[in-house]
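Here's the structure we're looking at; comments come further down.
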Amino acid sequence: PASSLTGKDGGWTTDLSHRPELAYPAYLATGEAVYMRALAHEGAFAIHNIWPDKRGPSGVLVVRHLQLRASAWSLRTVSNAAYLLPDNPPLKVSFVTVRNANLNHLYGRYILDGEMQGAGEVEGWFADILTRGKIPYPAWQGDFLTIVLAQEVTRGTPLSKDLLDWAARFTEGRVNYLGSLEVMAGQRTIVHGADGRLLNSWEAIALATRRAFPDGTAYTGNHGGGYSVLRAALGAIVFATGDEQAVSALDRLQRMPGASDLYN
């Protein structure tokens, strides 16, 4: 984004957290070589604009030690390149390797090692580099990553279905158990207790979030955005897996008082 009109960069800076996907739809629609190359360039940027030590020992992790939205967009861009680039160019093999390494990393952390097991019935949210028990959890950014995983499920990518099933518990649970738009689609959700431990029930999360934001500011700024992203995440889960809990949650979300105004 153009943050200013001064400076040697002309006011424009590269940004991992607010990236559109420009080359993928253009290449998908036209098959033009220029968009094929752009897709590869975007994939390379998604990897190499991350500081090397944040990419882990393998040097290819894009879902580690970043804001959740940056992780989501990086995984999306790499995965799109892995999916759509022709089989001949050697870069396709590289992007497939990077995509698989990142899904293996997520699978290892959250399913094999059970990093979030302490969250009990609330398990299913991804750790954000900024969420260390000190600030609220940006659930809407987790929804971005859920949407990316759902896309990979439709492509038959290994491990993506297991990861989506795991994440769906938190996405669906926010609608089925939290009970209000302000909390379920909020930009700030309290997921840690005062002692820094994970809250392990929906009741505890709802109470802590309302206590921290009694005036409803958990649902700040771009109201329609938070609601629409949650709605999109549920729709993506339904499309990818047909999960009945997601179907129920999506129906309930659309019927919530005030939801249509927010969506409009």
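What follows draws every value from the coordinates through simple rules; no lab data is involved. Note that the structure is predicted; figures quoted are calculated from it, not measured.
Brief remarks follow.
- 3J(HN,Hα) couplings calculated from phi for region 113-120 with the Karplus curve 6.51 cos²θ - 1.76 cosθ + 1.60 (θ = phi - 60°) are, in sequence order, 8, x, 4, 9, 4, x, 7, x Hz; Gly and Pro show x.
- Here region 144-188 is described by how far its Cα atoms reach on the three principal axes: 35, 16, 14 Å, from widest to narrowest.
- Interatomic Cα distance distribution for the chain, bins of 10 angstrom, percent: 7, 28, 34, 22, 7, 1
- Distance from region 154-182 to region 29-103 (C-alpha centre basis), Å: 23
- Pairs of Cα atoms nearer than 8 Å and 6+ residues apart set the relative contact order; for the chain it is 15 percent.
- Normalised contact order of region 6-139, rounded percent, pairs of Cα under 8 Å and 6 or more residues apart: 21
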